[in-house]
Amino acid sequence: KCGYGNSQHVQDNPEEYYSSMTSSSTRRLIFKTYRDMNKPYGGSGLSYGGKPCAFDLREWFLCNVKSCPGDMSTQKTGNTCYFQTYLFALLCKTGGPLRLKSGVLNVPDVARLERSSVAVARFLLEFWRGPDGALRPLTNANVVLDFHRYESAVYYGTMVEYLESRGGPAPRYPEQLDFVLDYLRRTRILHRYSRFSLQGAVAAAPNTKSLQKIKESENATAYLAGGHYYKYRASSLGFGFTAYIFMKLRSFSRFQALRKNQLLAYYDRLKPILEDIASCDAVKAGPARDYYFLAQFEAGQRELVDAHHYGYAADLASLLRKAGHANRDLDARVRSVNQALTDAVYFSTSRQSDYEEFIDVRDLPRYKQIHDDFLSNFMSFEFFLKYIGLGMTDEDPKVKDISALTRHAFYATKLMSRQTHRMEYEFEKEVLNNAARATLRKYTQTLDPGAQLGRGYRVSLRIGQGFAYSKYNTLMHFLNVCENYWRNPDLSGLQLLGKDVRALLALTSQKLFVDDAHGANYYHYGPIDVAHATLDLAVGSEVGHVIPGATAKERGPVELVVTDRIYEYGYLRNLLSGVFGRANGLEIRTDDLVVNLGLLSLMLDFGLFAEHAKLLRLPQLPAVAIANARQLQVEVSNAIQERDKAHAQDGLTRLKVEELLFETGYKFLVNKHANHRARVYETVRALQADPDYRDYVFLVKIYVSLCQINKSAEVD
C-alpha cells in the first residue's frame, strides 16, 4: 500500500518521504533501517586489508598451480571465472575444512581431493559416453562444428596433462566425435513430442496491461488526476468524486483529468452521445472555449478527445443556464449523458432525519430538485458546489451491503455544513459528520471563486515572459529545418533545439483544439495573470482551485499573457502529412536520436505512424520499420527500463518525467514569475544536468502516447 517494503521507493524518495522534518517517526525508522542494512560490515570507520597465505600442498591437484603447489590456480581465459570459482569450492569441499596455522592453510584430506580432481578432469573429457555406458544429453549442437579446435583449447591440455600425471590414461577424446556423428546418422529424430493440453486449475497472476482499480483515498488524487491517470480507474463513479480526492485538486488541469478518467470508465454506454458532442453549435461558438485546449499526448485516442469536449459542454451548459441563456440542444445532450449514469451513483435523501439513507434509483425522479440538479449539472462546477461526495476513506466494491459505510454518495453541501458541528448517536450519521468535518472546508476552497460568463481580461505581450517564441523553440522551425535538411546526415537535435531541455518539452507538448470549420488555423494563448499575483496555466503554478481562469469570479484585473500558439488538430495534421509526403518515400539521412524520436512522436499523435513510419531511421526500435504500434510500446518500455537501470543513482524515473509532461501538456512554460521551487522544476533541473536525458524525454513522451493509442495501461 505505502511502498515501505520496496527498497526502490526508498532510493527514489529519501528526502521527501523518509528523512525530512515532516516525515513520521515510522518512516524515519524505516529509512534508518534501510541505511544500516546497506552499510559495509564493521562500520564506515574501519579499513580493510589482506595478507597472502599459501596452502600446505606439495603436489599438483588441478586446483593449485603445478609449478608452485602452494598457490591457488587462476583462470586461463577471460570467461572461465565461474569454473575457477568451482575449483576453489572443490578444494574447500573435498579437501577441507581448511584451517589457518601460522600463516599457512592446512588441507587435511589430500587423498579425497586427489580422487575428486581426477574424477572432474575425466568427466570433462568424456562428453560422449561415461564409464557406466550412459549417454550424455546432446544439449549443445555446436560440438560438431567446433570440435576441430579442441587442441587449441587451454583447458584441454591441462586436463590431459593432469590425468597423465596421476598415472591414468586420458579418455580418447578425438574418437568420441566419430561416435557422435555415427549416432546422429542412425538416429535422425532426437526428440518426439506428444500432444499436450492445459488441464486443471491454472495459477492466476496480475495482468499489468489491465487498468488498476483505486479503492483507497490515500494518493488517489495523484493516480486519478495526475500524469499517470491512463493506468488507473476509480472503484466507482461516486468514489472518484469523493471529497477526500476532490479537496486535493489544486488546478483546473487536474480536475479536467479526473473528469476524463471517470468518463472513460463508462465510455461504452456513452459512446453514441459523446461522439457527436463536438458538433453542437453551442459548443463550437461557446465563450471561454479557448481555455479548454487538448494536450498533444491525448490526441491519439478518440475516447479522450470526446471526453475532453464533454467536459467543456457540461461546464458551458451549466453557465448558460445560470445566466438565463440556456441552450436546448446542449441541455438535451448533457441530460442524456447524465441519464445514462443514473444507476452508477448514489444520492442521500438530504433530510436531516435520515440523511444516512440512500435514494433508490427508481425513486430518484420523486426527488425533483436532486434529480434535476443531477441531470442538468453533473460533473460541472455548479453541481459540486451544491453536493459533496462523502463516505469512508476506502471503498470495496465487492461488499454487497449497500450503505453509507460501504459506498460513497452525494450529500447536500448546506446540510453537511450544518452537521459538522453536531454530534449524532447513530453510527452512520456520526461517520458522515466526521467525514464532512475533515473535508468540507478544503473541499469548498477548491470551488471558492465560482464561475461566471462574460469574464473579460486584457491581452498583453510581455518581453521575455514566454518560452516558446524564441527562434529555436517553435514547432514550425523544427519541421521547416527537418524538411529542408532531410537528406543531410549532419542534422542533429543539438543544432535544432539547443541545449535547454525546455525546448524539447515545448516541442513535445503542443496544445490543440479540434474544429474543422474553425476560421483560423491557430490562436495565441498563454497563462492568465490574476491581480498580478498568480499565474494560472503556468508550469509549476497551482492557483488552489479548479475553476478555469477564463470564467473565475476573481477580484482585481485579469490579464492574458500571450506566450504560445494553440493549433487546430486538422491543420497541424495536414501540415505534417505534407512534410512527410514531400520526402517521396526516402528515409531521413540523419541518425540523430532526438530528431527521429521527435518526428516519431508527431506521427503517433496525429495518426500518421502507419503511413510514414518507414521514413524514420531508428534501428534501436525495429517495430518502427513495420509500423507495429503494440510492439513499439514494448520496445520503448524496455528502452526506458534499461535507461532507468543505468541511471538509477540519479533518482530520475519515468513517473517523474510523465508528471512533467502532464504539466507541460496542460500548461505553458514561462521564463519569469514561475514557481521554480515546484516539484516539476526539480525534474527539469535533473534533466538539464545530463545531456543523455534528451532522448529519454522523447521516449517517455512516446510511451505515454502509445498507452493512449493502444488503450493499454502498461507493458513490462
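Some notes on this structure:
- Of the residues making up segment 602-638, those that are within 13 Å of ILE588 (Cβ to Cβ) and of a type in the set (Lys, Arg) are LYS614, ARG617.
- Selection status of TYR367, open to solvent by less than 30 Å² (accessible area, probe 1.4 Å) and of a type in the set (Ser, Thr, Tyr): no
- Residues that are assigned to a helix (DSSP H, G or I) and surrounded by fewer than 18 Cβ atoms within 10 Å (Cβ to Cβ), drawn from segment 416-430: SER417, ARG418, PHE427, GLU428, GLU430
Every residue, every condition in (1) farther than 24 Å from LEU447 by Cβ; (2) open to solvent by 40 Å² or more (accessible area, probe 1.4 Å); (3) assigned to a helix (DSSP H, G or I); (4) basic (Lys, Arg), yes or no:
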{"site": "ASN338", "(1), (2), (3), (4)": "no, no, yes, no"}
{"site": "SER353", "(1), (2), (3), (4)": "yes, yes, no, no"}
{"site": "ASP363", "(1), (2), (3), (4)": "yes, yes, yes, no"}
{"site": "ASP372", "(1), (2), (3), (4)": "no, yes, yes, no"}
{"site": "LEU375", "(1), (2), (3), (4)": "no, no, yes, no"}
{"site": "PHE383", "(1), (2), (3), (4)": "no, no, yes, no"}
{"site": "ASP396", "(1), (2), (3), (4)": "yes, yes, no, no"}
{"site": "TYR411", "(1), (2), (3), (4)": "no, no, no, no"}
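- Subset of segment 664-678 [at negative phi, touching a Leu at 6+ places or on another chain (Cβ under 9 Å) and at pLDDT below 90]: LEU669, VAL670, ALA674, ASN675
- Scanning segment 438-452 turns up one or more residues that are touching a residue at least 12 places away in the same chain (Cβ under 8 Å), assigned to a helix (DSSP H, G or I) and surrounded by fewer than 17 Cβ atoms within 10 Å (Cβ to Cβ).
- Qualifying residue in segment 245-265 (condition: closer than 29 Å to ASN710 by Cα, touching a residue at least 24 places away in the same chain (Cβ under 8 Å), touching a Lys or Arg at 6+ places or on another chain (Cβ under 6 Å) and surrounded by fewer than 22 Cβ atoms within 10 Å (Cβ to Cβ)): yes
- Qualifying residue in segment 653-663 (condition: hydrophobic (A, V, I, L, M, F, W, C), assigned to a helix (DSSP H, G or I), at pLDDT below 90 and under 13 Å from the mean Cα position of the chain (by Cα)): yes
- Any hit, segment 275-288, residues being buried (at least 20 other Cβ atoms within 10 Å of the Cβ), within 29 Å of the chain's Cα centre (by Cα) and in a helix (DSSP H, G or I): no
- Flag if ILE359 is among the hydrophobic types (A, V, I, L, M, F, W, C), open to solvent by less than 30 Å² (accessible area, probe 1.4 Å) and at pLDDT 90 or above: yes
- Count of segment 325-380 residues which are closer than 20 Å to SER279 by Cβ, free of Cβ contacts under 8 Å to residues at least 24 places away in the same chain and charged (D, E, K, R): 1
- Being out of contact with any Gly (no Cβ under 7 Å at 6 or more places or on another chain) and at pLDDT 90 or above holds for only one residue in LYS711, LYS701, LYS645, and it is LYS701.
- Whenever a residue of segment 646-672 is without any contact (Cβ under 8 Å) to a residue 60 or more places away in the chain, its partners that are surrounded by 15 or more Cβ atoms within 10 Å (Cβ to Cβ), lying with C-beta atoms within less than 6 angstrom and at least six residues away or across chains, give the pairs LEU652/ALA686; ARG654/ILE640; ARG654/VAL700; LYS656/THR683; VAL657/VAL700.
- Members of segment 562-580 found to be hydroxyl-bearing (Ser, Thr, Tyr) and within 19 Å of PRO527 (Cα to Cα), listed by number: THR563, TYR567
- Just so you know, in segment 664-701 the residues that are assigned to a helix (DSSP H, G or I) and among the aromatic types (Phe, Trp, Tyr) include one that is nearest to SER251 (Cα to Cα), and it is TYR666.
- All positions within segment 584-632 that are touching a His at 6+ places or on another chain (Cβ under 8 Å) and either of a type in the set (S, T, N, Q) or over 20 Å from ARG302 (Cβ atoms) (or both): none
- Subset tally (residues that are farther than 16 Å from PHE698 by Cα and in a loop (DSSP other than H, G, I, E, B)) for segment 479-494: 7
- Residues located in segment 495-515, provided they are in a helix (DSSP H, G or I) and touching a residue at least 24 places away in the same chain (Cβ under 8 Å): LEU496, LEU497, VAL501, ARG502, ALA503, LEU504, LEU505, ALA506, LEU507, THR508
- THR474 vs. criteria more than 26 Å from MET603 (Cβ to Cβ) and of a type in the set (Ser, Thr, Tyr): no
- Residue among LYS701, LYS711 that is under 26 Å from LEU621 (Cβ atoms), under 20 Å from the mean Cα position of the chain (by Cα) and crowded, with 23+ Cβ neighbours inside 10 Å: LYS701
- Residue within segment 303-311 that is acidic (Asp, Glu) and either outside any helix (DSSP H, G or I) or surrounded by fewer than 18 Cβ atoms within 10 Å (Cβ to Cβ) (or both) present: no
- Qualifying positions in segment 318-336 - part of a helix (DSSP H, G or I), within 20 Å of PRO548 (Cβ to Cβ) and of a type in the set (A, V, I, L, M): LEU319, LEU320, LEU330, VAL334
The values are calculated or read from the model by the stated rules, or taken from the named source; none is laboratory data. The model shown is predicted, which means the values in this text are computed figures rather than measured ones. Glycine gets a Cβ as well: all are built from the backbone with ideal geometry, and neighbour counts include every protein chain shown. Ligands, DNA and RNA are excluded from the accessible area calculation, which covers all protein heavy atoms including side chains. Shrake-Rupley method; radii C 1.70, N 1.55, O 1.52, S 1.80 Å.
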